[in-house]
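One structure is given here, and the rest of the page talks about it.
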Amino acid sequence: MEVLTTLLPYAEIVLSILLITGVVLQQRGASLGGAFGGDNFASTFYKRRGAELFLFRATIVISALLVVLAIVNFLLQGA
């Protein structure tokens, strides 16, 4: 159990870096107006394909793993 509590923060750091990288790579085609509340109607009818779809799904999986690891780390620190 001690090894797990030692390695979890490092796993969270790695997942955080991967998540940041994935989000930055996704936003290369997004307009800046959408970040401030504006709508980009062209993206409404856009369908993700290929590498973009993989990156989108990988970002979701990485973020879910990060949340799970954070909760496990919190519960182990309290124990």
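The values are calculated or read from the model by the stated rules, or taken from the named source; none is laboratory data. Computed from a predicted model, the values in this text were never measured in an experiment. Glycine gets a Cβ as well: all are built from the backbone with ideal geometry, and neighbour counts include every protein chain shown.
Restricting attention to the stretch 44-64, the residues that are under 10 Å from Gly22 (Cβ atoms) and touching a residue at least 12 places away in the same chain (Cβ under 8 Å) total 6.
Quick grid of which residues meet (1) at pLDDT below 90; (2) in a helix (DSSP H, G or I):
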{"site": "Leu8", "(1), (2)": "no, yes"}
{"site": "Leu18", "(1), (2)": "no, yes"}
{"site": "Thr21", "(1), (2)": "no, yes"}
{"site": "Ala30", "(1), (2)": "yes, no"}
{"site": "Asp39", "(1), (2)": "yes, no"}
{"site": "Ala42", "(1), (2)": "yes, yes"}
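Take Ile13 and tell me if it is over 25 Å from Met1 (Cβ atoms), modelled with pLDDT of 90 or more and not polar (S, T, N, Q). In short, no.
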